[in-house]
Amino acid sequence: MKILVTGGAGFIGSHLVDRLLADGMQVVCIDNFDSFYDPRLKERNIAGPLKHRRFTLYRDDIRDLPAMEKIFKKHRPDALVHLAARAGVRPSIKDPLLYEDVNIKGTMNLLECAKKYGVKKTVFGSSSSVYGAREKIPFKEDELAQKPISPYAATKMAGELLCYTYHHLYKMPITCLRFFTVYGPRQRPEMGIHKFTREIVNGETVEFFGDGHSARDYTFVLDIVEGICAAIGKDLGYEIINLGDCNTVKLGYLIELIEKNAGKKAKIRKMPDQPGDVPITCASIDKAKKLLGYEPKVKIEKGIEEFAKWYKAQ
Ligand SMILES: NC(=O)c1ccc[n+]([C@@H]2O[C@H](COP(=O)([O-])OP(=O)(O)OC[C@H]3O[C@@H](n4cnc5c(N)ncnc54)[C@H](O)[C@@H]3O)[C@@H](O)[C@H]2O)c1
């Protein structure tokens, strides 16, 4: 089976590429090594696959339709996993047009190619952020009136809607997976766990937003990869499915775990809540269990230990 992974040099994408190669798949990766964070980290993520004979890398931009067409025409992939995006809530408030360009236009380009070249299954990397700021947990896929509160979240919502349109018009099987705060080795450097670890290890001040009661459903990256792989292999028509851990972790407890693994206390500066940040996330994973046989295995205590080991080894 030949699988095209966009964003395959990134945090989640590179773990997926490793797994697909280990499972014997042919993998074609598109990644433009954008400057959202140090591209050298992405080069490191993809160094192993680059030595593999079943791996092909294109350093192209998903906004470039002719370049995308060329790749699809040449490789005729069986499945597309679309993970390339401008990620991050806060930066999207500063640069919304860039997020619109990459996340919406880029997604449309790929859906067009998937349609034209008969891709049998598409998986779209969506986000829990589409649920917006809500108190009622857990978040369920069939809840209406999603109110995204950042440009990033709105572009992910738009991606899901476009996927539905292509499914409706062309009967393309598409699964949109809403990831809930993913962490683990290779996590993006601006994301909470990576950033707090770096600051604590370096003795820098940790900015603690809100009163410490904000809570997230943190999902270990290999659990996410397991869910993506299950989705690739199934024709479910059009579905939106949460991939989370179904367990909320308060910011205060998260910092304690990081301190324990770093062997150092955090210097904390309390800050007001940030625009675009949601107070809580928590996934209902009943649908993922039912449709994908998804069962997250790595609890936060073990996951932070794994992250800390990777961080020390860097
Ligand atoms: N990490 C999370 O917690 C999380 C949560 C919800 C959803 N997601 C989604 O999962 C996907 C992967 O996220 P990640 O955390 O691995 O981010 P990441 O930034 O590490 O990976 C994204 C990759 O896409 C590439 N890319 C960006 N713009 C591109 C373009 N125009 N053309 C080609 N490649 C481009 C980047 O170079 C990068 O390697 C994204 O779609 C993100 O929105 C992530």
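The values are calculated or read from the model by the stated rules, or taken from the named source; none is laboratory data. The structure presented is a predicted model; accordingly, all values stated were derived computationally and were not measured. Neighbour counts run over all protein chains shown; Cβ positions are idealised from the backbone, glycine included.
Descriptive notes on the structure:
- Members of region 49-76 found to be within 21 Å of residue 107 (Cα to Cα) and assigned to a helix (DSSP H, G or I), listed by number: 65, 66, 67, 68, 69, 70, 71, 72, 73, 74, 75
- Residues of region 5-48 satisfying the condition of being of a type outside the set (D, E, K, R), in a helix (DSSP H, G or I) and either within 10 Å of the ligand (Cβ to nearest atom) or in contact (Cβ under 8 Å) with a residue 40 or more places away in the chain (or both): 11, 12, 13, 14, 15, 16, 20, 39, 41, 45, 46
- Considering residues of region 275-294 that are surrounded by fewer than 13 Cβ atoms within 10 Å (Cβ to Cβ) and touching a residue at least 12 places away in the same chain (Cβ under 8 Å) only, the residue nearest to residue 152 (Cα to Cα): 275
- In region 223-232 there is no residue that is under 30 Å from residue 78 (Cα atoms), in a strand (DSSP E or B), within 16 Å of the ligand (Cβ to nearest atom) and under 18 Å from the mean Cα position of the chain (by Cα).
- Number of residues in region 108-129 that are part of a helix (DSSP H, G or I) and modelled with pLDDT of 95 or more: the value is 9.
- Count of residues meeting criterion [over 13 Å from the mean Cα position of the chain (by Cα), part of a loop (DSSP other than H, G, I, E, B) and either over 20 Å from residue 282 (Cα atoms) or away from the ligand (no atom under 15 Å from the Cβ) (or both)] in region 150-188: 4
- Any hit, region 128-147, residues being within 20 Å of the chain's Cα centre (by Cα), among the aromatic types (Phe, Trp, Tyr) and within 24 Å of residue 236 (Cβ to Cβ): yes
- Hits in region 77-93 - residues which are among the charged types (D, E, K, R), at pLDDT 95 or above and either assigned to a helix (DSSP H, G or I) or within 21 Å of the chain's Cα centre (by Cα) (or both): 86
- For region 263-295, a residue qualifies if it is of a type outside the set (Phe, Trp, Tyr) and over 24 Å from residue 190 (Cβ atoms), and the qualifying residues are 284, 285, 286, 287, 288, 289, 290, 291, 292, 293, 295.
- Residue within region 199-221 that is within 15 Å of the ligand (Cβ to nearest atom), closer than 30 Å to residue 76 by Cα and in contact with a Pro (Cβ under 9 Å, 6 or more places away or on another chain) present: yes
- For region 299-314, the set of residues classified as touching a Gly at 6+ places or on another chain (Cβ under 9 Å) and either over 16 Å from residue 181 (Cβ atoms) or surrounded by fewer than 13 Cβ atoms within 10 Å (Cβ to Cβ) (or both) consists of 310 only.
- Sole exception among (1) under 30 Å from residue 47 (Cβ atoms); (2) within 12 Å of the ligand (Cβ to nearest atom) for residue 75, by number: (2)
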